[in-house]
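Working notes, beginning with the structure itself.
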Amino acid sequence: MKFAPTVALPFSLTAMLLVAAGCSSTAGSANQAKYDKMSCSELNVALGDTATEISRTAIGRGKVAKTSVPSWLLGGERVKTVVADRETARIERLQQQQQAIIATRKRQCPSAQ
């Protein structure tokens, strides 16, 4: 019976990595028109939310990168790399979104300059 937890480990690890990969694709792209309609306080909140999401995603990417995948789990390292790459792409999209917010703030909010 001690064999069952060992067998379940690769399946649960693979499932966890696949779920993380699916969740990493939920970031939207920067929509400049959306930000042009926002007030200065709304832009500040959006900027804070974006910064928080970048930090959260970077922490998740670090956890995935540090995950120890057993050598006998075929494809485990590849899945880990794919998940980390998706998280990196998400961070880049969030940074573009953040830059769009900053540019709009500079145009619309005199105190943001």
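No lab work stands behind these numbers, since they all come straight from the coordinates. Quick caveat, the model's predicted, so the values are computed rather than measured. With ideal geometry, Cβ positions are generated from the backbone for all residues, glycine too; neighbour counts draw on all protein chains shown.
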Could you tally the net charge around residue 68, taking each other residue with its Cβ under 12 Å from the Cβ of residue 68, Lys/Arg +1 and Asp/Glu -1?
-> +2
Under the Karplus relation with 6.51, -1.76 and 1.60 and θ = phi - 60°, whole-Hz ³J(HN,Hα) for segment 95-102, x at Gly and Pro, equal 5, 5, 4, 4, 5, 5, 5, 4
Stretchable slack from residue 106 to residue 31, in nm (0.36 nm times residue separation minus alpha-carbon distance) = 25.4 nm
Would you calculate the separation in nanometres between label points at residue 56 and residue 42, each defined as 7 Å from the Cα along the Cα-to-beta-carbon direction?
-> 2.1
